[in-house]
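J.: First the structure, then my questions, so here it is.
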Amino acid sequence: MDASSREALTLSRERLAETTRGAAGPGLLAFADELFAVARLLDGQVTLRRALSDPAAKPADRAGLAARILGGRVSEATVDLVQTVARQRWSRPLDLVEAMEALATEASLDAAEARGELEGVEDELFRFGRIVAGDAELARILSDDKAPAEGKTALLDRLVSGRVSPVSEQLLRNSLTVRHVGNAENRVERLSEAASARRGRSVAHVTSAVPLTAQQEQRLRDVLGRVYGRAIGLQVTVDPSVLGGLVVRVGDEVIDGSIANRLETAGRRLTG
């Protein structure tokens, strides 16, 4: 998104916050389901998303169109939020789809917060991301844009239904069955990071040759917190191939202190 669409999303988020403030978990889950459904509708209906983002049309006319299409089919709260989204100025029609997906995700995380499950949801999403990362065939299926959404939904139901929080289930099902998933592992990672950010933390993805003790994890959190000047949560993966030391990634920054990396660097110097 460019600056104009980001501003539009910010204004839409403000309306979302007003709508969800003080709401209970079950109602928020249903609300998020409706927002995800609207995102799927806009993703599949090119003409509709163009009409709702048409800069030549008056904002009130775009909002009125949203009300005529959705009225009686979804809750008043959903209609109101979609009208707010339609009133904004979007640079591209596809930005409208991305905005609805982002708002639906935030509503789902609101539900996790209301249910007191935000930390558990973050952990479940991280663990599912590790499952995807460790299973090439599963990653291929979930990342395949040509795979039918119904098949992906059935697969996800077998993997997570009844085993994770309803919020985690909702987020995974809706995020991994869209038309353009991209890299499934990255998608799940972004969901986990969104949950972590909601808890006021950044996430450090740590790869270690052996499991870390509780004291080692706490020391690492303290060090990273001082380095980055904010609370840091850890998501630790054990991978013997790093041989020793740690590989730490915070956002786009990678700190590779593994023996494997040092050996590779030394080898390059010898052959260079």
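Rundown of residues vs (1) closer than 30 Å to Ser5 by Cα; (2) assigned to a helix (DSSP H, G or I); (3) in the same structural domain as Glu34 (by TED's automatic domain parsing), yes/no style:
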{"position": "Leu103", "(1), (2), (3)": "yes, yes, yes"}
{"position": "Ala107", "(1), (2), (3)": "yes, yes, yes"}
{"position": "Ile131", "(1), (2), (3)": "no, yes, no"}
{"position": "Ala139", "(1), (2), (3)": "no, yes, no"}
{"position": "Leu142", "(1), (2), (3)": "yes, yes, no"}
{"position": "Leu155", "(1), (2), (3)": "no, yes, no"}
{"position": "Arg158", "(1), (2), (3)": "no, yes, no"}
{"position": "Ser168", "(1), (2), (3)": "yes, yes, no"}
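J.: Quick check on Leu94: is it under 18 Å from Leu42 (Cα atoms), assigned by TED's automatic domain parsing to the domain that holds Thr20, without any contact (Cβ under 8 Å) to a residue 60 or more places away in the chain and not in a loop (DSSP other than H, G, I, E, B)?
T.: Taking the combined requirement at face value, the residue satisfies it.
So that you can scan it fast, the table gives a plain yes or no per residue for (1) hydrophobic (A, V, I, L, M, F, W, C); (2) over 30 Å from Ala51 (Cβ atoms):
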residue: Val79; (1), (2): yes, no
residue: Ser91; (1), (2): no, no
residue: Leu109; (1), (2): yes, no
residue: Glu119; (1), (2): no, yes
residue: Arg127; (1), (2): no, yes
residue: Ile131; (1), (2): yes, yes
residue: Ala149; (1), (2): yes, no
residue: Arg158; (1), (2): no, yes
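J.: While we're looking at this one, here's another question. Which of the residues belonging to the range 5-37 are modelled with pLDDT under 90 and part of a helix (DSSP H, G or I)?
T.: Gly25, Pro26
J.: Let me ask something else. Which helices (runs of 4 or more DSSP H) sit wholly inside the range 183-272 and have at least 1 residues that are at pLDDT 75 or above, crowded, with 17+ Cβ neighbours inside 10 Å and of a type in the set (A, V, I, L, M, F, W, C)?
T.: Hits in the range 183-272: 184-198, 214-228.
J.: Continuing with this model, one more query. So Leu11 ticks every box in (1) surrounded by fewer than 16 Cβ atoms within 10 Å (Cβ to Cβ); (2) aliphatic (A, V, I, L, M); (3) more than 15 Å from Gln88 (Cβ to Cβ) but one. Which box is left unticked?
T.: (3)
J.: Right, another one. Could you go through the range 46-56 and let me know if any residue there is outside any helix (DSSP H, G or I), out of contact with any strand residue (DSSP E or B) (no Cβ under 6 Å at 6 or more places or on another chain) and crowded, with 22+ Cβ neighbours inside 10 Å.
T.: yes
J.: For Arg89, work out the one condition from (1) of a type in the set (D, E, K, R); (2) touching a Ser or Thr at 6+ places or on another chain (Cβ under 8 Å); (3) part of a helix (DSSP H, G or I) it doesn't fulfil.
T.: The single condition Arg89 does not satisfy is (3).
J.: For Asn174, state whether it is polar (S, T, N, Q), surrounded by fewer than 18 Cβ atoms within 10 Å (Cβ to Cβ) and under 11 Å from the mean Cα position of the chain (by Cα).
T.: The answer is no for Asn174.
J.: Out of the range 23-82, which residues are under 26 Å from the mean Cα position of the chain (by Cα) and either of a type in the set (Ser, Thr, Tyr) or not assigned by TED's automatic domain parsing to the domain that holds Asp95 (or both)?
T.: Across the range 23-82, the qualifying residues are Ser53, Ser75, Thr78.
The values are calculated or read from the model by the stated rules, or taken from the named source; none is laboratory data. Predicted model, so just to flag it, every value in this text is computed and none were measured. Because the Cβ atoms are built from the backbone with ideal geometry, glycine has one as well, and the counts that use them run over all protein chains shown.
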